[in-house]
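Notes for the one structure printed next.
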Amino acid sequence: FPSHDNYGQAVLVGKNDDIDVAVLKVKDETSPHYIRFASKNPSNGERLYVGGYPLTMLLGSSFKFSNGVVAGYVKSIPEIFQMTASISSGNSGGPVVDTSGKLIGISVAGIAPGTLGRDALVGGSVNFAVNNQAIRSLLAIFNVPFVESNNQNSYDSKLVAKYLEMTSGLVICF
């Protein structure tokens with residue numbers, strides 16, 4: 001976690017290629033900070049925040065933060081939802097939280113503006129996340145505990161950004 005000058009090694013606990021999510025365990029890490037899960041998947045139009053470490057070679061290794069809303073679910077892949085929050089290469093695996101700071105998803109992909117196919121054109125970036133129920137199911141398969149929150153308070157975006165920075169880390173694969 002570069003923002004805290006705290007580095008550690010992680011091991012792969014398991015992964016699901018269908019939803020592009022890996023579960024890592026940081027060795028010898030005893031951080032008191034973690035994200036609690038929302039009790040349900042997000043709804044269309046729900047406000048959200050995304051954190052991560054995009055484009056580190058260009059933008060550096062500092063934490064980045066963006067906001068948006070749930071734009072809808074992907075019909076062919078029900079575990080995936082589209083969001084308007086901006087993400088870039090390197091945001092994959094970053095938390096997607098609601099206004100209470102509860103985990104509602106993990107960012108996984110984006111489609112940059114430009115041609116998408118023979119007759120399709122993407123006018124702006126289109127970004128996707130795996131919903132929290134799919135993540136919870138994956139954690140259950142690998143016997144990884146998690147905590148759910150019923151907190152209904154809505155927080156200022158600056159406070160949510162600080163919380164996400166404390167609970168997130170830059171992952172560098174060798």
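Considering Lys162, Lys102, which residue is modelled with pLDDT of 90 or more and open to solvent by 70 Å² or more (accessible area, probe 1.4 Å)?
Lys162
For every residue, the table says whether it meets (1) surrounded by 17 or more Cβ atoms within 10 Å (Cβ to Cβ); (2) touching a Pro at 6+ places or on another chain (Cβ under 8 Å); (3) at pLDDT below 85.
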site: Phe1; (1), (2), (3): yes, no, yes
site: His4; (1), (2), (3): no, no, yes
site: Asn16; (1), (2), (3): yes, no, no
site: Thr30; (1), (2), (3): no, no, yes
site: Ala38; (1), (2), (3): yes, no, no
site: Asn44; (1), (2), (3): no, no, no
site: Leu55; (1), (2), (3): no, no, yes
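Every residue in the stretch 66-88 that is in a strand (DSSP E or B) and open to solvent by 70 Å² or more (accessible area, probe 1.4 Å), please.
Step one: of the stretch 66-88, the residues in a strand (DSSP E or B) are 66-73, 80-83.
Residues satisfying the conditions are Asn67, Tyr73.
I'd like the residue in the stretch 105-119 that is more than 26 Å from Lys158 (Cα to Cα) and open to solvent by 40 Å² or more (accessible area, probe 1.4 Å) and, out of all such residues, is modelled with the highest pLDDT.
Going through the stretch 105-119, the residues more than 26 Å from Lys158 (Cα to Cα) turn out to be 111-119.
If we keep only those that are open to solvent by 40 Å² or more (accessible area, probe 1.4 Å) as well, we get 111-113, 115-116, 118-119.
Values: Ile111: 68, Ala112: 63, Pro113: 61, Thr115: 56, Leu116: 61, Arg118: 57, Asp119: 60.
The extreme case among them is Ile111.
The values are calculated or read from the model by the stated rules, or taken from the named source; none is laboratory data. Keep in mind that this is a model prediction, so the values were computed, not measured. Neighbour counts are summed over all protein chains in view; Cβ atoms, including those assigned to glycine, are modelled from backbone coordinates with ideal geometry. SASA here: full protein model, heavy atoms, side chains in, ligands and nucleic acids out. Shrake-Rupley method; radii C 1.70, N 1.55, O 1.52, S 1.80 Å.
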